[in-house]
Amino acid sequence: MKATGCFFANPFKGFVRLGYSKALCIIGLLSFSFLSAGTAVGQNLLTNGGFESGSISPWTSTGSGTASGGVTDSVPYEGVYAAWVNTRFNELKYEVAGLTVGNVYSLRGYVLLSGGQIEYGVEGIASSILTSGSGYTFVEIDFAATSETATIYFKEVGGSWAWQKIDNVELIEKDISCELNVADPVVLVGFEAETVLVDVETTASFSATSSEPWVSVEVVGEQIELTVDENFIFASREASVLVLGCESQTIVVHQEAKSLGCLSFKEPHLIFSNATASKQIEITTEDAFTVSTDVPWVSATVDGDIVTVTVSNNWSKEDREGIVTFEGCSVQSLPIIQGGVPHEGEYRNYIGMNMANSNDYMPVWLFADAMKQAREYYNPDFTGYAKVDPDGWPTEDFGVTVISNESIHGTYALSFEGSAESVVISGATVEDLSYDAEENKTSARVIVSEEGEVLMQMVVTGTDGGARDIQMMRPSKIGSNRPHHHWELFARETIRLMRPFDFIRTMSASGTWSDRYNTRVNWEDRNTVYNASQNRKFYKIDENGDYIMQHPTRGQRYHEWEGRGIAWEYLVMLANDLNTDLWICVPHAANDDYVTKLAQLVAYGSDGIEPYTSKQRKPLFPPLKKRLKLYVEYSNEVWNTGKSPYHWIDDQVEAELAAGNNSLNYYDGSTNPTYLRQRFASRRTVEISELFRSVFGDDQMHTRVRPLMEWQKGAPYSDGNANRTATQGLLYVDTVYPEPVNHYIWGAGGTTYYEAADPEDGADIETLWDMHEFNAVDWAYPTQANISSLTAAFGLKQMAYEGGPSFGNINGSGGANPLGDEAVADMRMADEIVEHQMLFDEVGGYGFGYFDMASDSRWGFVNRPGEFDTPKMIGVETLIGQNKAKVVHGTPVDSETVTTIIGDRWLLTNAGYGNWQATNGHPSDYGYDIDPGIWLSYDFNVQEKGAYQFRILYSTSGLGIVRLFLGAELIGSFDVADTGRDDVYSPWIDGLVSDEFLNSLRVEALGTEIRIESLDIQQGLVSIPGDINEDGVADMADLDIISSALGAEFGGDNYLSEADLDDSGRIDRRDYFMWFRYLGSFDCFGRDLKRHRR
């Protein structure tokens, strides 16, 4: 095989030519290329290379991971099926026979990476690794056969949980006498449209495909006809044309910068965080040039045509931007923006925590009464369960495990209703055991002296029918000889530990994932405050007083480790005690009555069994405090294959389709189970939102009650939209429901875990802090930035349901990183917390939910009872209540001039209803065509909130309407007609923009296809009724202006034309009352433009 140049895959632009002087090309029998398209010639020696049989046979899947390869109908390259591998070292293999020793063969195929890396090749002969790629990447490797048999393979080697796809694999015997040569491996063209013919010398047939839309190709005999369209764009100046026959070669089509100046580069700006960092840019020029900077914290060095820009730590709030100037045959400037800019006191970090479940062994004391976390009651010798009453209290002598944990020493107060001859507690001393016959109450002091691991098991014998209302009040703090008071509900150390957080998420505490057999359907299926323990693993208690623990036919317990969940009343009371916002997860199988009653319980309180349906003067169990916000999420991670919500939803979808109900796919006919599962979850989210609206009313929706939709982020360095769970859910709601997405849903997002490197990655305790996702910039871009883009497009706030430092495996769960125990005790962990929060702010994030309050070193913020000042907690407490960093993700809008965004720099589209093409995998600097009914979103950020104006440069050949949205809010529309071949500007359209979040402008075409060349944004003012001082809101400050100017006449010192609402030349009572008429007409008092235009 002959080589004419080397290329590397670029996730934004297909293929970028490295250049002959910089590339390392291996020419000979072993060669490989990462190319974008092509069809093989010759006979395929493999059977089922396209996996269209629906199975992997005769391939085999092997490996040491927890999952094995198989076939899937999700996103094949061609046909119906593709193969997949995942986890570490899982391989797809094929034993091929009938080879001729010495002959040369070519292994070819297509690989889709979802993070991680794929090694492929022939065992013992040749191999290569695909490390990156956008969409399916063509891979090829040649080898000379050394025997009549060989084993070809594809193996996941990147340590990624992502599902890598393989399709259309071929093994072709090569005709070594056949050559393929292109006469012109590099074709130089200008920016004008033209056609170029390239001769191809070969004895076999061949095909040709282009990587860029501005170059089209056609094979004409022994020539390739290259047609180049006009392309006046800096950032898209090269295309690669793959020529594939008995060999593969590429033609580079290069546009010279004739019309755009002789010195250029692709980057519109460079964005850095506060930390010292460097980035490289490539300069396109034929002449020498110099480089200079205008601020001391930016430096630049030149090495050939590569310029390295370095910024140093810069915490100044005022000095955040710099310029790098290039001077050669022309002068060009590159803006440098340093992120991490604190807002001036207006926007605060919003940080939450996933609270622990109610198991007795958890390293945090949730309840002051340890019996509320005790296990089921056994007979005294623990050989079987004791009989219990309907509330779970033992009706005979019993034994019970109260606590199994370390650091539980101190003095406890035991009491229960009933008498007993003996109370024995392992690991403890029972003192002052006494019985009050008048009150029928037994009490004692229990002293635990051992500071290490203790199994506290209590055996009570000689009772008269068991015991009720058993309490074991913990020490007021670890080691104390003073127990909690009997009326205290939550442990004081829990209150101290969790009070700093802005919100608590109750997924684990409410047992969201533990309902193995989908039993929480009706309201009476929940755990109540009257149950003997909140650590309830049984399903029901039968009429004989026996626990129903296991499913009668399947043999497993009804509930997994989290149990049936803590009573909702207790979770509300905990939020009230903490003065913390509450995030609840609705059980996946709960019916509408359950959901409605849950909403009523939070709104009005309950009597412990049934919720109140209106405000009560003295509720037995209180509602959530009115000033606290409520976040409502449907279940948890419905995409997780190992948990019951996943399987239950699949059953519901299958039943719907079998019954002829097509509400999940009537608009596209999709049968993809992943898509339909997420659509079902989104539909249920909307239904839950509307049920809560029916209880709380419209005025409290989104202001106080905030429905959420969470999705699968995916592997590190992914696009944050794994398996299209984000776009499928959001665009289902956008397509099916009459109101905008943000009418039903307030916030959305994925996880924010940052995975630590482990020794297998070459990390140790000194190096892990800058490796993998502990590098905050690599963690934030592209994954968290893309999640922010997805939420912004629908006017939602980015809410991360779980996240933080992770020392599990690569997807944030499973095994443990051996560096974890040492790392969580290292104060550098606090720095990681602060730095990642800053980057989360910069991309536009709102709420950062950490996981979790108490567990082992994989994720826990405390790892044992009594811990408070861990490095993780110090990091969080450093951030809570502090100002957020300013948003730098998206195109920065210049407040002084017009900012332009090129048409193909869109981020999200509704085309395809959320499939794999919903996000822009190849943004470039040229225009983009959209069909009727299609919209595109464009991200931008502003440094100053307020009024801005928007327009587009477009062309069309038909009649229609274009609508502009800020997020999901319509801000204006205009008619379009045939523009011929001309680009025309739309009218300016006004909108109010926030500087706290990432902003997204959506452009939608109705009735006709349009081509969007670019968008313009400029700062400007809109007319808001009653907004005299033009601050974007009509409020008492405007009325004060009118009041202070009453009586002023035109030409006088106090006269303000803005306050002269009737243009009479005098400010009088008529202006005063007209201001109120404005408010009555537009209902805009105290509201911004977004609110009263809704």
Members of segment 94-129 that are buried (at least 23 other Cβ atoms within 10 Å of the Cβ) and among the charged types (D, E, K, R): R108
Considering only residues that are within 17 Å of L46 (Cα to Cα) and part of a loop (DSSP other than H, G, I, E, B), which ones fall in segment 99-128? L99, T100, N103, E123
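Is it the case that S508 is out of contact with any helix residue (DSSP H, G or I) (no Cβ under 8 Å at 6 or more places or on another chain), under 23 Å from E376 (Cβ atoms) and part of a loop (DSSP other than H, G, I, E, B)?
The answer is yes for S508.
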Select from segment 955-998 the residues that are at pLDDT 95 or above, surrounded by 19 or more Cβ atoms within 10 Å (Cβ to Cβ) and aromatic (F, W, Y) and list them in ascending order. F965
Could you tell me which numbered condition P611 fails, if it satisfies all but one of (1) under 18 Å from E690 (Cα atoms); (2) without any contact (Cβ under 8 Å) to a residue 40 or more places away in the chain; (3) surrounded by 19 or more Cβ atoms within 10 Å (Cβ to Cβ)? (1)
Does I952 qualify as being farther than 19 Å from E832 by Cα and either buried (at least 23 other Cβ atoms within 10 Å of the Cβ) or not polar (S, T, N, Q) (or both)? yes
Looking at (1) assigned to a loop (DSSP other than H, G, I, E, B); (2) touching a Ser or Thr at 6+ places or on another chain (Cβ under 7 Å); (3) over 22 Å from S789 (Cβ atoms), can you tell me which one L664 breaks? (2)
Restricting attention to segment 719-744, and to residues there that are over 17 Å from L936 (Cβ atoms) and within 16 Å of the chain's Cα centre (by Cα), which single residue is surrounded by the most Cβ atoms within 10 Å (Cβ to Cβ)? G729
Taking the condition in contact with a Ser or Thr (Cβ under 8 Å, 6 or more places away or on another chain), over 26 Å from M353 (Cβ atoms) and in contact (Cβ under 8 Å) with a residue 12 or more places away in the chain, does T596 pass? yes
Residue in segment 516-527 that is farthest from I649 (Cα to Cα), counting only those that are out of contact with any Asp or Glu (no Cβ under 8 Å at 6 or more places or on another chain) and outside any helix (DSSP H, G or I): N527
Assess whether S533 counts as being buried (at least 19 other Cβ atoms within 10 Å of the Cβ) and of a type outside the set (A, V, I, L, M, F, W, C). yes
Would you point out which residue out of G555, G465 is part of a loop (DSSP other than H, G, I, E, B) and either touching a residue at least 12 places away in the same chain (Cβ under 8 Å) or hydroxyl-bearing (S, T, Y) (or both)? G465
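What about G392, is it among the small types (G, A, S), in a loop (DSSP other than H, G, I, E, B) and either outside the structural domain of D542 (by TED's automatic domain parsing) or modelled with pLDDT of 85 or more (or both)?
Here the answer is yes, as G392 does meet what is asked.
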Near pairs, Cβ below 7 angstrom, 6+ apart or cross-chain, from segment 629-644 (within 15 Å of K713 (Cα to Cα)) to any residue that is among the charged types (D, E, K, R) and in a loop (DSSP other than H, G, I, E, B): E637/K643
Go through segment 142-158 and give me each residue that's β-branched (V, I, T) and either free of Cβ contacts under 8 Å to residues at least 40 places away in the same chain or surrounded by fewer than 22 Cβ atoms within 10 Å (Cβ to Cβ) (or both). T146, T149, T151, V157
Can you pull out the residues in segment 344-385 that are part of a strand (DSSP E or B) and over 18 Å from K537 (Cβ atoms)? R348, Y350, I351, G352, M353, N354, D369
When you scan segment 756-874 for helices (runs of 4 or more DSSP H) that lie fully inside it, which ones turn up with 1 or more residues that are polar (S, T, N, Q)? 785-793, 828-843
Among the residues of segment 961-992, what is the count of those that are in contact with a Gly (Cβ under 7 Å, 6 or more places away or on another chain), among the aliphatic types (A, V, I, L, M) and under 21 Å from S789 (Cβ atoms)? 5
Cβ-Cβ under 6 Å, sequence separation 6+ or interchain: first residue in segment 836-856 and touching a residue at least 60 places away in the same chain (Cβ under 8 Å), partner charged (D, E, K, R). Which pairs? D841/K884; Y846/K797; G849/R505; G849/E802; F851/E802
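Tally up the residues in segment 885-916 that are among the small types (G, A, S), within 19 Å of F965 (Cα to Cα) and under 25 Å from the mean Cα position of the chain (by Cα), please. Walk me through it before giving the result.
Filtering segment 885-916 down to residues among the small types (G, A, S) leaves 885, 890, 895, 903, 911-912, 914.
Subset that is within 19 Å of F965 (Cα to Cα): 890, 903, 911, 914.
Restricting the remaining residues to those that are under 25 Å from the mean Cα position of the chain (by Cα) gives 890, 911, 914.
The total comes to 3.
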With the structure loaded, tell me whether G933 is part of a loop (DSSP other than H, G, I, E, B), in contact (Cβ under 8 Å) with a residue 24 or more places away in the chain and either within 30 Å of A825 (Cα to Cα) or of a type in the set (K, R) (or both) or whether it fails that test. no
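Look at D577 and say whether it is crowded, with 22+ Cβ neighbours inside 10 Å, acidic (D, E) and in contact with a Lys or Arg (Cβ under 9 Å, 6 or more places away or on another chain).
no
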Taking I478, is it assigned to a loop (DSSP other than H, G, I, E, B) and among the aliphatic types (A, V, I, L, M)? yes
Could you tell me whether L879 is touching a Leu at 6+ places or on another chain (Cβ under 9 Å) and either buried (at least 23 other Cβ atoms within 10 Å of the Cβ) or over 22 Å from S407 (Cα atoms) (or both)? no
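The values are calculated or read from the model by the stated rules, or taken from the named source; none is laboratory data. Remember, it's a predicted structure, so these values are computed and weren't measured experimentally. Heads up, the Cβs are rebuilt from the backbone with ideal geometry, glycines too, and the neighbour counts pull from every protein chain shown.
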